[in-house]
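Worksheet for the structure shown next.
Values in this text are rule-based calculations from the coordinates and carry no lab data. It should be emphasised that the depicted structure is a prediction, and the values quoted were computed from it without experimental measurement. Heads up, the Cβs are rebuilt from the backbone with ideal geometry, glycines too, and the neighbour counts pull from every protein chain shown.
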């Protein structure tokens with residue numbers, strides 16, 4: 001006897017409507033990002049994929065460093081810099097109680113990088129040049145990394161498709177894959193919105209999160225489909241009711257598994273470093289959406305009218 005009961009049959013149309021809204025929301029974000037943003041891409045690609053420079057350097061302050069808004073610093077840089085075009089694509093952050101300066105730019109030559117730091121020194125200095133850290137990714141390397149990430153995701157999806165096709169019959173396999181693409185598309189679409197609304201960039205960790213979401217989503221769907229198939233083999237008379245009961249039997253296990261997975265991710269979001277923040281956010285979104293699709297959406301596809 002199950003301790004939880006959800007009327008999947010009655011709420012099937014509501015589930016489809018909710019997923020339809022999420023898909024349309026994601027599609028609008030992707031299309032807007034592609035045609036109405038300066039970067040003209042479905043998602044705002046970070047330095048890992050398009051190349052560029054990242055420079056981090058500390059300020060030398062006697063007691064505490066002055067709080068100067070980054071926008072004001074960029075305005076001052078435009079007045080004294082010889083390379084005006086560069087400053088149109090610069091991103092500057094002042095962190096660690098105004099002590100650490102982080103600068104992101106398109107790909108720079110060594111002399112251009114030195115000139116930029118010299119100009120920043122005039123505005124925010126003196127700077128501790130011994131603390132300077134630079135990371136450079138050339139445009140060709142960035143493009144290659146993007147291609148490799150896309151290829152990895154494609155190969156993983158093909159492998160999952162092959163596994164599902166062998167594990168289940170065509171109908172089960174198709175609906176499991178449909179739920180999987182539903183999850184990935186929505187996470188991708190949410191980050192498209194974040195890209196042009198809040199200038200959130202995606203890097204190689206975002207590709208890792210999509211791969212992880214794909215594996216997690218399929219695993220949950222396989223567990224529930226296995227329970228449905230097992231129960232249907234014993235009771236084929238009441239098809240829809242058996243599917244609903246199978247979902248209710250698996251509900252607690254799937255929900256608790258997702259919850260325990262979310263706990264460390266939420267800890268990373270709250271207490272982790274910024275470099276892992278958006279990776280943790282994307283993975284958390286994927287787990288929530290993947291759990292919903294595995295528990296409710298994928299089984300709803302199997303219901304007969």
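Return the single residue from 217, 258, 192 with maximal mean-square fluctuation; model: Gaussian network over the chain, springs between Cα atoms under 10 Å.
258
Taking the mean number of other Cβ atoms within 10 Å as a proxy for protection, how do you rank 43-49, 92-98 from highest to lowest?
43-49, 92-98
Return, for the Cα atoms of segment 52-137, the radius of gyration and Dmax in Å, separated by a comma.
When restricted to the Cα atoms of segment 52-137, Rg and Dmax are 12.0, 35 Å.
Only Cα pairs within less than 10 Å get springs; with that Gaussian network setup on the chain, which residue of 272, 286, 142 has the largest fluctuation?
Its mean-square fluctuation being the largest, the pick is 272.
Please report 105, 257 as a ranked list, fewest other C-beta atoms within 10 angstrom at the top and most at the bottom.
Neighbour counts put them in this order, fewest first: 257, 105.
What value, in deg cm²/dmol to 500, does the helix sum -39500 (n - 2.57) over DSSP H runs of n ≥ 4 give at 222 nm once divided by the residues of the chain?
That calculation yields -22500 deg cm²/dmol at 222 nm.
So how tilted is helix 12-35 from the main axis of the chain? Cα-based, degrees 0 to 90, rounded to 10.
30 degrees
Just to be sure I understand: with springs between alpha-carbon atoms less than 10 Å apart, which residue in 259, 206, 188 has the highest mean-square fluctuation in the Gaussian network model of the chain?
Top of the fluctuation ranking is 259.
Using only the Cα atoms of segment 1-120, what are the Rg and Dmax in Å?
For segment 1-120, the Cα radius of gyration and maximum Cα-Cα distance read 23.4, 75 Å.
Could you give the angle, 0 to 90 degrees to the nearest 10, between helix 110-124's Cα long axis and the longest principal axis of the Cα atoms of the chain?
Compared with the principal axis, the helix lies near 80 degrees.
At q = 0.07, 0.15 Å⁻¹, what is the base-10 log of I(q)/I(0) for the chain according to the Debye formula with one equal point scatterer per Cα and no solvent? Please give it to two decimals.
-0.39, -1.16
Let me check against my output: what whole-number percent is the relative contact order of the chain, with C-alpha pairs under 8 Å and at least 6 apart? Walk me through the numbers before you get to the answer.
Values: 394 pairs, mean separation 77.2, N = 305.
Averaging sequence separation for qualifying contacts and normalising by length gives 25 percent for the chain.
What percentages make up the Cα-Cα pair-distance distribution of segment 237-295 when the bins are 5 Å wide from 0?
Spelled out bin by bin, segment 237-295 gives 4, 18, 22, 17, 12, 10, 7, 5, 3, 2, 1 percent.
When the convex hull of the Cα atoms of segment 168-305 is projected onto a plane and the area is averaged over all directions, what value comes out in nm²?
Numbers: hull surface 36.3 nm².
The Cα convex hull of segment 168-305, projected and averaged over all directions, gives 9.1 nm².
What is the helix-to-structure angle for 139-167, meaning the angle in degrees between its Cα long axis and the longest Cα principal axis of the chain, kept from 0 to 90 and rounded to the nearest 10?
The helix 139-167 is inclined about 10 degrees to the chain.
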